[in-house]
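S.K.: Quick one: the structure is below, and I'll ask about it shortly.
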Amino acid sequence: MIISPSVLSCDFGNIQRDTEMLHQSEADWLHIDVMDGVFVPNISFGFPVLEAIRKHTDKVLDVHLMIQHPDNYIQAFKKAGADILTVHYEACTHLHRTIGAIKEAGMKAGVALNPHTPVHLLEEVIADLDLVLIMSVNPGYGGQKFIPSAVEKVRKLAKLIKENNSKAIIEIDGGVNLETGKLLAEAGAQALVAGSFVFNSVDPKATISALKQL
């Protein structure tokens, strides 16, 4: 299981400390949520914070864009240190073009689906994707309650990936803990984003290790 702790839940006054903790942990990736206050109701951080995080780890930076018009910023995210760039299906009018631009910039391309968006809408691009991110909460804020229907959605996505000989990794974001993580792993999830569950725990490194075992 790939574990991608969400930096959105870290102590913003100690981002370097928390980044270094994640670097020393068993976490595979660091999940960076970028929000614009338009596509989602929250505003998070942009390029300066991403660049600062990049200085303190060489782990994969798994950047999740919850923004309108992501095409305008693809090169800038590459320059800031992103390794994986995930855009929302709902924010991209010309999704195939956006996926191609991300790959041409030298990053892996992911597409995220909001809870109401069915997986079959990715049928025409699934073979081109490196990652699909299933939102198991409504995007915008950390600490939300897990939406149970996400488990069946993962099963449907795994079937779509297999039928199209895609190599896309299935990643889940929202309400992930040891209980929901187990259900998701059994359904076919390969990567889990965990924010508050990791950072609010007594021992974040031990929590990451426990998630790795799912």
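Every number here is computed from the coordinates shown, using simple stated rules; none is lab data. None of these values were measured; they are calculated from a predicted model. Neighbour counts run over all protein chains shown; Cβ positions are idealised from the backbone, glycine included.
S.K.: Determine the percent antiparallel among the DSSP beta bridges restricted to the stretch 2-212, to the nearest 5.
M.R.: 5 percent
S.K.: Using a cut-off of under 16 Å, list every residue of the stretch 1-39 whose amide N is near the label point 7 Å from the Cα of Asp58 along the Cα-to-beta-carbon line.
M.R.: 20, 23-25, 28-30, by backbone N distance to the label point.
S.K.: Okay, next question. Suppose every K and R has +1 on its Cβ and every D and E has -1 on its Cβ; what is the size of the dipole of the stretch 2-212 about the Cα centre, in Debye to the nearest 20?
M.R.: Approximately 180 debye in magnitude.
S.K.: What Kirkwood hydrodynamic radius, in Å, does the chain give when the mean of 1/r is taken over all pairs of distinct Cα atoms and then inverted?
M.R.: Evaluated over the chain, this radius sits at 16.9 Å.
S.K.: A follow-up question, please. So if we plug the beta-carbon distance of Gln16 and Asn42 into 1/(1 + (r/R0)^6) with R0 = 30 Å, what FRET efficiency do we get, rounded to 0.05?
M.R.: Once the sixth-power term is evaluated, E becomes 0.85.
S.K.: What number, rounded to the nearest 500 deg cm²/dmol, is the helix-based mean residue ellipticity at 222 nm of the chain, given -39500 (n - 2.57) per DSSP H run of at least four residues and division by all its residues?
M.R.: -9500 deg cm²/dmol
S.K.: Here is a follow-up. Could you tell me the largest-minus-smallest coordinate of the C-alpha atoms of the stretch 164-208 on each of the three principal axes, in descending order and whole angstroms?
M.R.: 42, 17, 16
S.K.: If we sort 65-78, 45-58 on the protection proxy, mean other Cβ atoms within 10 Å, highest first, what's the order?
M.R.: 65-78, 45-58
S.K.: Of the listed peptides 87-96, 12-21, what is their order by residue-averaged count of other C-beta atoms within 10 Å, with the highest listed first?
M.R.: Sorting 87-96, 12-21 by mean packing, highest first, produces 87-96, 12-21.
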